[in-house]
Amino acid sequence: MYLAELKLWNFRKFGGGGDVVNDSNEIRNPDLIVPFQNGLNVLIGENDSGKTTIIDAIKLVLKTHSTEWIRVEFEDFYEKTKHLRVECIFKGFDDKDDEAMHFTEWLGMEGEGEFVQLYLRLILDICHNEERILPFEVRAGVDDIGSPLPVEARDYLKATYLKPLRDATQELIPKRNSRLSQILEGHEVFKNRANEHELKKISLCFNCLIQKYFDRNYKDKDCSETDCPVNDKFLNEPGTEKKIRDNLNSYIQRFLGEVEYQAKFGVTPTKLRNILEGLKLSFDTEFEPGLGTQNLLFTAAELLNLDRSNWTGLRLGLIEELEAHLHPQAQMRVIEYFQDFIKERKANEDKRDIQFLITTHSPNIGSKISLQNLIICFDKYVFPMGDTYTELDSSDYNFLERFLDVTKANLFFTRGLILVEGWAEELIVPILAKKIDCDLTEKGISIVNVAGTHFLRYSRIFRRKDGKNMNIPVSIITDLDIEPEEGGIFENVNTKKDTQIESKKQKYDGQSVKTFVSPIKTLEYCIASSKNLRKIFYKAVLLSFREQKEYQEQDKNKIIDESVEKIDKLFNSWTENDIELKIYNQIVGKELILNLCKEKIS
């Protein structure tokens, strides 16, 4: 059993389609549908893109094992609407599975023949008037209204939840209803063994030891001395502690008169739950680890809860901001482990599937997660990255898993994307943009260097099969591979040029992706063709060339230094119609710079 789909109507930012019920008194189409796969799902996107809203909607329907207090506020209703609705669809029930038995009367069937499968639909309808939010309940069924789902059934649908910026230290210390005690109490080692559990016997021995501390003559009537591990070797020689008990009893006897009562000291925990609430989970170190390390310990403890072999209910982990308190390398290790954890369980058919819904705004995690597991949250929509949703083919997925590094993963958070061929474009495009009063960072526009012409590998991420346009403008900046000629630019190749430009646009353009093709050889050639930029550009090339080489022969360094000083003299010696070609040729054949500079400045 796994959560296959979430549907939202008028819940927080996901609204705008009017009332939940249309004029025909039917439930209209939802404002958001989020498909999930059985296994790992990572919701990725910028702040306020709806990731937490999706998690909160699920929590509202399912509740959690850690019993967080979840309440509905007026702010949860989209703008001025008075009715919101949440549906959770569960699939993956097996004929041999005992998960389905908890929900028999609410299950539906879909598909035909051998493709028939069971599903469970949970429905939460919430309304309010001007004064208060009206009472509501979780219902289930195949129709739009459903019937009430009792508490007993809902207990099998609780999720495990790790909140963002979680304080793992507080979650793992001894306290009433501690999260650690809840996790352990549900484990098969402790389940239904409250009276005869070994920890209960150990606690009785501890209680006996306390009694002996205050009275060395104390003997437990239910304890066999031959089997009892508690004896006087644990205690020092008797001191004033017995006097405390004797004085206390003398006061009580005076208060009560002839009634004979004897006071005794003991410890409170007599139930297994009390014992578990007294446990603390920590690392076996001499120092207290930091928040990040504690966070990993807490996450590991929650995996125990999801991996219980005796549990026949939902195994769903909701983790907000997995990267909380973790440095980049730790983030990568953790997300890789989650992927391996899911793969290992799927390989072992004897184990039940575990599902994770993880939110993140970390490019480190985005660069490590398989693209098939990603769901991009943008604006008021979600865009799953699986092969049934995008125009990416199988080879694209393999390529991106190898080459989609941290710097390129910022495309998951962008409001606009510029794809360029190389490092020169990556460096200079933001500068040119600022010169025309367009700060790309301020506008949330990312530049991704594909280090070649693999534009389709990346642009197809934003081209959809499902008909949902991502509305993220993607620009591809490229050029032609036509060699420039002496005596002018391309007078004799116009037909070839136009054909190639059109070919590139047909290859890359589609939906929100648009290609911008320079009809000249390279970016460097374009700049060299500009009267305003060519001199600055050539000077920068000379300085960078000197920095890269730093010749041991001082005369070579001197030539470049003098060339920078006499940059005007260099340009005056070139004719206007071949200056860009001269600059281009020198950059391509770097050693030519020295020879030509020496010739021109002498």
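The values are calculated or read from the model by the stated rules, or taken from the named source; none is laboratory data. Just so you know, these numbers come straight off a predicted model, no measurement behind them. Cβ sites come from the backbone with ideal geometry, for glycine too, and all protein chains shown count toward neighbours. Only protein heavy atoms, including side chains, enter the accessible area calculation; ligands, DNA and RNA are left aside. Shrake-Rupley method; radii C 1.70, N 1.55, O 1.52, S 1.80 Å.
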Residue in the stretch 90-99 that is more than 28 Å from Asn305 (Cβ to Cβ), assigned to a loop (DSSP other than H, G, I, E, B) and open to solvent by 50 Å² or more (accessible area, probe 1.4 Å) present: no
In the stretch 7-39, the residues that are more than 16 Å from Lys468 (Cβ to Cβ), open to solvent by less than 10 Å² (accessible area, probe 1.4 Å) and at pLDDT 95 or above: Trp9, Asn10, Phe11
Members of the stretch 237-259 found to be in a loop (DSSP other than H, G, I, E, B), modelled with pLDDT of 75 or more and open to solvent by 70 Å² or more (accessible area, probe 1.4 Å), listed by number: none
Residue identified as of a type in the set (Phe, Trp, Tyr) and within 28 Å of the chain's Cα centre (by Cα) among Phe255, Phe298: Phe298
Test: Ile447 is part of a loop (DSSP other than H, G, I, E, B) and either open to solvent by 20 Å² or more (accessible area, probe 1.4 Å) or out of contact with any Pro (no Cβ under 8 Å at 6 or more places or on another chain) (or both): no
Residue tally, condition closer than 27 Å to Gly366 by Cα and of a type in the set (D, E, K, R), over the stretch 9-67: 8
Spans of helices (runs of 4 or more DSSP H) in the stretch 319-421 with at least 2 residues touching an Asp or Glu at 6+ places or on another chain (Cβ under 7 Å), of a type outside the set (Val, Ile, Thr) and crowded, with 17+ Cβ neighbours inside 10 Å: 328-347, 363-368
Subset of the stretch 375-402 [free of Cβ contacts under 8 Å to residues at least 40 places away in the same chain and within 20 Å of the chain's Cα centre (by Cα)]: Asp387, Tyr397, Glu401, Arg402
Enumeration of residues in the stretch 406-448 that are β-branched (Val, Ile, Thr), under 20 Å from Val513 (Cβ atoms) and touching a helix residue (DSSP H, G or I) at 6+ places or on another chain (Cβ under 7 Å): Ile418, Val420, Ile447, Val448
Subset tally (residues that are part of a loop (DSSP other than H, G, I, E, B) and either surrounded by 13 or more Cβ atoms within 10 Å (Cβ to Cβ) or out of contact with any strand residue (DSSP E or B) (no Cβ under 7 Å at 6 or more places or on another chain) (or both)) for the stretch 104-120: 1
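Quick grid of which residues meet (1) aromatic (Phe, Trp, Tyr); (2) touching a helix residue (DSSP H, G or I) at 6+ places or on another chain (Cβ under 8 Å); (3) not in a helix (DSSP H, G or I):
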| position | (1), (2), (3) |
| --- | --- |
| Trp69 | yes, no, yes |
| Cys88 | no, yes, yes |
| Leu122 | no, yes, yes |
| Asp144 | no, no, yes |
Residue list for the stretch 172-208, filter: at pLDDT 75 or above, touching a Ser or Thr at 6+ places or on another chain (Cβ under 8 Å) and open to solvent by 40 Å² or more (accessible area, probe 1.4 Å): Asn177, Gln182
Residue that is nearest to Lys280 (Cα to Cα), among those in the stretch 292-318 that are open to solvent by 20 Å² or more (accessible area, probe 1.4 Å) and assigned to a loop (DSSP other than H, G, I, E, B): Asp307
The lone exception for Thr441 - which of (1) at pLDDT below 90; (2) open to solvent by 50 Å² or more (accessible area, probe 1.4 Å) it fails: (1)
